[in-house]
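See below for the structure under consideration.
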Amino acid sequence: MPKSDIIIIGGGAVGLSCAYYLNQAGYEVTVFDGNGPDKKSSCSWGNSGMIVPSHIVPLAAPGVIKKGLKWLFDPESPFSIEFKPSIEMLAWLWKFRKAANPEHVKSGANMFRKLSLSSRDLYLELSKKISFGLEMKGILMLCNSDDALAEEYKISAMARNIGMEAVDLDPIGIRLIETGMELTVLGGVHYPLDCNINPVKYLEALHDFLIEHGVKIFHNTTVSGLAVGNGNVESIKVSDQSWSGNHFVLAAGSLSSKLIEHIGIKMPLMAGKGYSITMEAPIKKPDLPALLIEARIASTPMGAKWRFGGTMTVTDSNRKVNQKKLNAMLKAVQNYYPEYDISWVSGLEPWVGLRPLSADGLPYIGAFSQYPNLIAATGHAMLGISLSPITGKLICDIVSGNEPDFDMRMLSPNRF
């Protein structure tokens with residue numbers, strides 16, 4: 001039976017980041033990736049590429065369930081829930097609703113601030129070793145309604161109160177820093193510490209670096225089961241072969257919870273379906289990345305390209321494209337960038353992905369109490385790219401027996 005010090009299940013941004021820090025610490029690392037070498041079907045590939053210390057409000061926040069129910073009957077809404085009579089869905093919704101309270105938002109904001117700022121620092125270090133085109137212009141929150149603008153100003157005030165940089169802007173202030181395209185907005189917020197990358201370029205560069213440094217990466221491989229004994233995971237089943245290891249890192253995104261059900265572990269996790277469209281060489285594009293608040297759309301210039309993505313449909317594992325939601329997303333961009341024309345995206349194939357959603361909006365990072373050599377690195381929702389370096393660093397600390405600089409109880413996969 002082949003063996004590796006560390007076996008990582010999942011080869012997206014989080015899995016590869018775990019491989020990077022473990023490899024740099026001297027471990028023999030093997031990655032099993034269910035995607036092809038181009039990773040186009042992975043959640044990381046279609047990400048907006050934003051590194052966002054500004055993102056301090058967990059997905060499980062007051063009013064989210066109510067808003068989801070309200071939007072449930074709107075076929076063009078950016079957020080919805082696919083109700084299915086399954087125990088997993090109902091249990092997840094109950095835990096999510098329970099977590100959506102002001103106390104959780106406050107504690108979650110502090111955790112996200114620490115994680116995100118640390119991840120940003122690690123990106124700066126990585127960019128000195130690996131070339132992936134890190135952009136450091138900040139990110140804009142753009143609003144074209146009074147209610148949304150008032151809410152964003154509240155969030156920016158909360159951000160400043162916990163030590164983040166956030167600049168409230170009126171339309172004139174926004175146009176002074178966004179000079180690439182005209183804007184139709186009432187105002188917004190600029191977060192100068194936020195950064196962005198092209199996630200495809202990042203995945204390729206990190207993959208090549210790992211291969212050069214001895215990490216084994218197997219693509220198009222499906223992990224079908226885990227074998228346990230003596231209180232630990234002993235091996236995994238891959239196709240017709242078993243691999244043994246000393247530690248196993250679960251970084252399989254929205255598929256993670258299903259992989260561990262048969263060994264008696266329940267980790268509340270649903271999929272959040274979303275879309276992105278990438279224009280190769282649009283006539284015009286913005287200078288700065290932005291979140292289009294009312295439409296829940298992320299807009300990211302990536303070199304000559306322009307990508308925008310959005311929608312969040314809580315689902316089990318349904319990847320089917322909802323054409324009405326996709327069309328609504330494509331049209332909504334013009335509400336912020338009037339020079340944009342929907343004809344620019346005519347005929348372009350949308351990317352559809354399933355983000356891993358924990359039941360309280362915080363990722364699962366840590367060892368499972370039932371099997372201490374099995375370590376979770378999943379549940380990042382839309383923040384897989386943003387938090388991948390700090391996740392990799394924390395996983396390396398756990399494997400190495402080092403004390404992480406965080407209160408890991410909030411991130412523990414055993415917290416429910």
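The values are calculated or read from the model by the stated rules, or taken from the named source; none is laboratory data. Quantities reported herein were computed from a predicted structural model and do not represent experimental measurements. Because the Cβ atoms are built from the backbone with ideal geometry, glycine has one as well, and the counts that use them run over all protein chains shown.
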Inset, instruction - Give the residues of region 360-394 that are among the β-branched types (Val, Ile, Thr) and within 22 Å of TRP45 (Cα to Cα), sorted by residue number. - result: ILE365, THR378, ILE385, ILE390, THR391
Inset, instruction - Say whether the condition of being in contact with a helix residue (DSSP H, G or I) (Cβ under 7 Å, 6 or more places away or on another chain), closer than 20 Å to ILE7 by Cβ and not in a helix (DSSP H, G or I) is met by at least one residue in region 349-358. - result: yes
Legend entry - Residue count for region 334-348, restricted to those that are surrounded by fewer than 14 Cβ atoms within 10 Å (Cβ to Cβ) and part of a loop (DSSP other than H, G, I, E, B): 4
Inset, instruction - Give me the pairs, please: first residue somewhere in region 168-182 and in contact (Cβ under 8 Å) with a residue 60 or more places away in the chain, second residue anywhere and of a type in the set (Asp, Glu), beta-carbon distance under 9 Å, and either six or more positions apart or on two chains. - result: ILE177/ASP287; GLU178/ASP287; THR179/ASP287; GLY180/ASP287; MET181/ASP287; MET181/GLU339; GLU182/GLU339
Legend entry - Odd one out for LYS154 among (1) more than 20 Å from SER119 (Cβ to Cβ); (2) in contact with a Pro (Cβ under 9 Å, 6 or more places away or on another chain): (2)
Legend entry - Residue ID - farthest from GLU152 (Cα to Cα), chosen from residues in region 167-210 that are surrounded by fewer than 19 Cβ atoms within 10 Å (Cβ to Cβ), of a type in the set (Val, Ile, Thr) and over 26 Å from the mean Cα position of the chain (by Cα): THR179
Inset, instruction - Please go through region 204-234 and pick out each residue that is touching a strand residue (DSSP E or B) at 6+ places or on another chain (Cβ under 6 Å), in a strand (DSSP E or B) and of a type outside the set (A, V, I, L, M, F, W, C). - result: LYS216, SER224, GLY225, GLU234
Inset, instruction - Sort out which residues of region 222-258 are in contact (Cβ under 8 Å) with a residue 60 or more places away in the chain, over 20 Å from ASN373 (Cα atoms) and surrounded by fewer than 19 Cβ atoms within 10 Å (Cβ to Cβ), and write them in order of number. - result: THR222, GLN241
Inset, instruction - Looking for whichever is closer than 20 Å to SER388 by Cβ, touching a residue at least 12 places away in the same chain (Cβ under 8 Å) and surrounded by 15 or more Cβ atoms within 10 Å (Cβ to Cβ) here; the options are LEU149, LEU115, LEU140. Which one fits? - result: LEU115
Inset, instruction - Count, please, the residues in region 114-144 that happen to be hydroxyl-bearing (Ser, Thr, Tyr) and at pLDDT 95 or above. - result: 4
Inset, instruction - For region 235-288, enumerate the residues that are over 18 Å from the mean Cα position of the chain (by Cα), assigned to a strand (DSSP E or B) and basic (Lys, Arg). - result: LYS237
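Step by step: first the residues of region 367-416, then only those that are of a type in the set (Gly, Ala, Ser), farther than 19 Å from ILE51 by Cα and touching a strand residue (DSSP E or B) at 6+ places or on another chain (Cβ under 6 Å), then the one that is surrounded by the fewest Cβ atoms within 10 Å (Cβ to Cβ). Which residue is that?
First, the residues of region 367-416 that are of a type in the set (Gly, Ala, Ser): 367, 369, 376-377, 379, 381, 384, 386, 388, 392, 400-401, 412.
Now restrict to residues that are farther than 19 Å from ILE51 by Cα: 367, 369, 376, 400-401, 412.
Okay, now just the ones that are also touching a strand residue (DSSP E or B) at 6+ places or on another chain (Cβ under 6 Å), so 367, 376, 412.
Values: ALA367: 19, ALA376: 29, SER412: 17.
So, considering only residues that are of a type in the set (Gly, Ala, Ser), farther than 19 Å from ILE51 by Cα and touching a strand residue (DSSP E or B) at 6+ places or on another chain (Cβ under 6 Å), the one surrounded by the fewest Cβ atoms within 10 Å (Cβ to Cβ) is SER412.
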Inset, instruction - Give the residues of region 70-109 that are within 20 Å of PRO268 (Cα to Cα), surrounded by fewer than 13 Cβ atoms within 10 Å (Cβ to Cβ) and at pLDDT below 75, sorted by residue number. - result: LYS84, PRO85
Inset, instruction - Can you tell me which residue among LYS320, LYS331 is outside any helix (DSSP H, G or I) and either in contact with a Cys (Cβ under 7 Å, 6 or more places away or on another chain) or free of Cβ contacts under 8 Å to residues at least 60 places away in the same chain (or both)? - result: LYS320
Legend entry - LYS40, sole failed condition from (1) modelled with pLDDT of 90 or more; (2) surrounded by fewer than 24 Cβ atoms within 10 Å (Cβ to Cβ); (3) of a type in the set (D, E, K, R): (1)
